[in-house]
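The values are calculated or read from the model by the stated rules, or taken from the named source; none is laboratory data. Since this is a predicted model, take the numbers as computed values, not measurements. Ideal geometry is used to build each Cβ from the backbone, glycine not excepted, and the neighbour counts take in all protein chains shown. Note: areas computed on protein heavy atoms with side chains; ligands, DNA, RNA excluded. Shrake-Rupley method; radii C 1.70, N 1.55, O 1.52, S 1.80 Å.
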Amino acid sequence: MAHITAVRPICTAPDGIRLVVVKVETSDPGLYGLGCATFTQRPLAVVTAIEQYLAPFVIGRDPDDIEDIYQSAYVSSYWRSGPVLNNALSGVDMALWDIKGKRAGMPVYQLMGGKCRSSAALYAHASGADLQELEDNVLRFMEQGYRYVRCQMVVPGYSTYGSAAHTQVSTNIPPHLRLSQQPWEPTPYCRMVPRMFEHLRSRVGEEVELLHDVHERIPPIQAIGLAKELEQYHLFFLEDLLAPEDNDYFRIVRQQTSTPLAMGELFVNQAEYVPLIRDRLIDFIRVHISDIGGLSMARKLAAFCEFFGVRTAWHGPGDVSPVGHAANLQLDLACHNFGIQERHVFGERTREVFPGCPDIRDGALWSNDQPGFGIDVDEKLAAKYPFPEHPLNGAWPAVRRIDGTVIRP
Ligand code: GCO
Ligand code: MG
């Protein structure tokens, strides 16, 4: 019987984004697996959870026993299912699936029932400082073969999510009042978004699927109004219209509009997502797989969603590691109720650190069909890219209203 000999977090930031992956090693020479444990705003808390608690808990176990290892590690902390412990658990859980695939000589999607499709359709992120720039960017993606494009536009004078301005930190004001460059107000944004889609639909046509991320920034009543106004522009989905704290409002939104809703990148536990699916209040489940505990949990969630007509749209930004993207892809290929996959183009350096990173071609993500996740990590190279210095230690700079009130990022 093979047994687990080591569980090690690997921290690296080749593109400047803090990534954490976990390597699980076994007593079989050369047999190891990789998992994503990236919680980019609090990575060192995850590292501690892995090194201090999870590694000693699983060393010596048979790597074949994924479900039992998952379940026993999950309850061993008694208090459970928050983002730190879930990410740590995901690192181990995914790595065990990678190992099982390697042992079987199969890509992980084969272990989950085999391919339902050749590749996973991607949506690209288009943004612009104005309507013309945004339109040009959408058209450019369409020319490259993308059939799904997320559209975000700057609200002039405001720090808008999805535009370059939102990440800049001004350092000449005290940290507790620090604005992320400019303030934010919901009303100008709510007026701008319908105009943006009116313009785009008249210029780019009805064929292309358009998406938008509200990023939980507006009060519930304005969210309801916005979703209703956007109905006429036939979005593929409207994302994070509400914050997880306002989950109950989905019931009200649903009664008033058929705008398709995507939700869940901030969810960490079943109590948050089960009711929305069971009551058919959302259309796309968008969890960040490492944040809900890993692939074991995500494949159960995907199967649960299938019974309620909810499609998958796993979170896939730059702060999901290439290992996490490779894991997303396994489910994208194997789940009948796949909806869409978010695209992130990793830089050259990240692709060197992670050989086998899935390929982007023809507006889709393709597996290399290698055993496990088909991805590796060059640890020596990874070590050359330590976490960068950051004035807020990696945290999201506060976004504030004109009067200084802090709001969600
Ligand atoms: C998305 C997301 C991300 C998050 C980020 C937080 O839909 O891709 O909203 O961009 O903001 O992952 O760290
Ligand atoms: Mg989002």
Next item on the list: Give me the Debye-computed log₁₀ of I(q)/I(0) at q = 0.07, 0.15 Å⁻¹ for the chain, equal point scatterers on Cα only, no solvent, two decimals.
Entry: -0.32, -1.50
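So for His325, His390, what's the accessible-area order with a 1.4 Å probe, most first?
My answer, sorted largest first, is His390, His325.
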Check: Between Arg349 and Ser27, how many nm apart are label points set 7 Å from Cα along the C-beta direction?
Finding: 4.0
Check: Quick one: accessible area per residue over the chain, 1.4 Å probe, rounded to a whole number of Å²?
Finding: 41
Item checked: Ser367, Ser27, reordered so the largest accessible area comes first (probe 1.4 Å) -> Ser27, Ser367
Margin query: Checking the a/c ratio against 1.5 first, then a/b against b/c, what shape does the Cα gyration tensor give for region 4-107?
Written below: oblate
Next item on the list: Just order 312-318, 56-62 by mean Cβ neighbour count inside 10 Å, highest at the front, would you?
Entry: 312-318, 56-62
Item checked: Reduced Cα scattering model of region 278-409, Debye log10 I(q)/I(0), q = 0.10 Å⁻¹ -> -0.43
Notebook entry, point to check: If the limit is 26 Å between Cα atoms, which of Lys102/Lys380; Lys23/Lys384; Lys100/Lys384; Lys102/Lys300; Lys115/Lys228 go over it?
Noted result: Lys100/Lys384; Lys115/Lys228
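When the accessible area of the chain is computed with all protein chains present and a 1.4 Å probe, what percentage of it is carbon and sulfur?
On the chain, the fraction of accessible area on carbon and sulfur atoms equals 51 percent.
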